[in-house]
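Please read the structure below before turning to the comments.
Bear in mind these aren't lab numbers, they're just calculated from the coordinates by the rules spelled out. The shown structure was predicted, so the numbers you read here are calculated from the model rather than taken from an experiment. All Cβ positions, even for glycine, are placed from backbone atoms using ideal geometry, and neighbour counts span all protein chains on display.
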Amino acid sequence: MSELDKKEVAPEGIAMAGDSIEMDEPIISLGGELKSKYYEFKDARSDIEDDWVEDLRAFMGQYDSDTLAKIKEKGDRSQVYVGLTRTKVLAAYSRITDLLFQPGQRFYSIEATPVSKQPTVEKQLTERASLEIMEAAQVIDPMMVDDLIQARYRELVKELDEETDIRVEKMLEVINDQTLESNLEGSMKDAIMEQVIFGTGAMKAGTLRIEKNHRWINSEEGFNLIYEEEPMPEMEAVSIFDLYPDPYATSINDMRSIFRRHILSRVDFQQLKDSPGFNNELIEECIHMNPEGNHYEEQHEKDRRDIANLGDYETESGKFEVLEFWGSVNGFELEEHGIEFEESDDLSQEYQCNIWMTGDKIIKAQLNPLPGGIIPYFIFPYEKNPHVFWGTGVPKMMRDSQQTMNAATRIYLDNVALSSGPMVEVNTDIMASGEDPTDLYPWRVFLREGGDGNQPMVRFYQPQSNSPALVSVIELFRRFADETTALPSYTHGQTQSSLNRTATGISILMSNANIVLKSVIKNIDDHLTKPLVRSLYDWNMTWNPNSDIKSDMRIIARGSTTMVQKEVQSQRLLQFLSLLNNPQDQQMVKRDKLLQDVAKSLDIDPDDVLKSEKELMDEQQQLQQAIAAMQQSDQIDQVTNGDGVVGPDARNGTPSPEGAGPVGNNGGLPL
């Protein structure tokens, strides 16, 4: 058995300080080996970093320093940047988040597996049923025992299903509570923003996070402040600039190792000593040897600070760089670095580890505590590329269109400025002394002295305006941007004269525009939602002390499914509602339920627009009271005589006292 396997892992999935791996010389050499691997991963990612920085500049509407210098070399020229990339990015981000995070609905669900496996519950129910059958067998006909067993078996299956459903509901409540407390929705939105801009987003979930809370309790001595610590599953958005995956991985599924680069302040670095599993002596030694920190800015950090209009550090940043490694370490490599194995151990086996290091010193090492040794980082693309790990985002999709529009717009503005007035040629040889040819105003008179009278002293030239051609180029590449991003302008507010303005036409156009967006949401479902919620389920199954929530379950990501169902359901509900035009059909339909479903499919809160059953009953009661009051008032106003009722009911044809005919109808027929 290896030394790594001998180290005990705490229940929360973190090696305790006393149980962490000894930081002896072999482990330090292992740190150097991992440091070399980190540089290999970093060098392999350098090219994609340049693309990310360029995408960020496009989103912020800024030119890079080289392009800006070339523009300035040409003199006083336009430096305008057309902010179409930002519009497209925000349009995609808004539509994705609106579809995923709908009010009152979850973007995931938990269901029991088709064949639920619960050995403990099954054993308990079976033992109880066996006792019941044995007791019943003593008082009933032996010929009926088999029927009793079959009936009890069916009841057991039903009880097991009911128990499973109860446990699923409880697990869902626990996970919902954890996601609310950790603000999972906000973290996912941050990650989705990076996904849209850079083509790839990332989150971390399923590891331990100590939730520190405080509350006041009332005691005999007054109110006292109590601090509490509660283990919670980690859920955080991670910038892809801080992640360095295996360069040989071509997809998320075959990523076997990854580095994450943490940049910590001195206070945060010191607080690592309070976390379980970290070597306090090495942390203190690192702080003592690096009083100004050991962090040096990478080029992408400098570029991002420049884009944010933040100056560079004049000296050291005063921060510390900590690397977090998740992945496998081969048994032969561990043996080379002094880790002892027994003869029966298979050195070709990969040992999943989690190692933290600063410089080449390992400050924490443990076996991967997660079920199955999974890596707790979930990386999801905007649009996947075959055989390429990183995805493609909106800015890169429309990069050529954006650059061409910028160039055409700058030329357009320069041309408009140049052709806005005439250019003037002045012959100063024949101009009178004291005349200023640059002083131009209406009805200006120039004085001349001598010279050929046929030779003009001032000539005017009108530069040609190329505005129509340039506007056509700008409009052409704006349409190219619509096509390359699959985000037509009408989806984010721009109107067109050729646009079908009917409700059906707009619905068809929006549905067609969502075709590409469906694949993006499917990527989020497959690479983020499902594995992330699965990690929360595994965390609760492993470490949550409440046994009533544990069962065999599966995770359902509902993002793309909800999107498709919503489009189809809305159209079908409206079509069905249009068929209910005759009273006989309306009597057979629950109209209130139908209207609620129609409102929900149209993103309208039914409670805001539909009356409740109590409101309808109150209105019906008020109407009946009003009718009764009117009838009572009519009875009071009626006056009787010898021949009948005279008054408001006289139009019923009641004869007058003289017998001349019905009063109130001029003797005509009764109304």
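Straight-line reach from LYS364: which lysines have Cα under 29 Å away, leaving out those fewer than 8 places along the same chain?
Partners within reach: LYS6, LYS7, LYS35, LYS37, LYS42, LYS204, LYS212, LYS273, LYS319.
Residues of segment 422-437 with backbone nitrogen within less than 19 Å of a virtual label 7 Å along the Cα-to-Cβ line of PHE460, please, listed as ranges.
Residues 422-428, 436-437 qualify, since their backbone N sits under 19 Å from the label point.
Just grab the label-to-label distance for ILE307 and ASP64, each label 7 Å out from Cα along the Cβ direction, in nm (one decimal).
1.2 nm
What is the gain in length, in nm to one decimal, between SER433 and SER472 on full extension, counting 0.36 nm per residue of separation less the C-alpha to C-alpha distance?
Additional length available on full extension: 9.2 nm.
Less than 18 Å from a label point 7 Å out along the Cα-to-Cβ axis of SER328: which backbone N atoms in segment 354-368 qualify, by residue?
In segment 354-368, the label zone of SER328 (backbone N under 18 Å from the point 7 Å along Cα→Cβ) covers 354-355, 366-368.
Separation between the ALA417 and LYS518 pseudo-spin-labels, each 7 Å from Cα along Cα→Cβ, expressed in nm?
4.9 nm
Once fully extended, how much extra length lies between VAL445 and ILE48, figured as 0.36 nm per residue of separation less the alpha-carbon to alpha-carbon distance?
The span from VAL445 to ILE48 would gain 136.5 nm if fully extended.
When a/c reaches 1.5 or more, the comparison of a/b and b/c decides; with that in mind, is segment 168-208 rounded, prolate or oblate per its Cα gyration tensor?
prolate
Could you please report the charge total around GLU173, scoring K, R as +1 and D, E as -1 over all other residues with beta-carbon less than 14 angstrom from its beta-carbon?
Its environment carries a net charge of -1.
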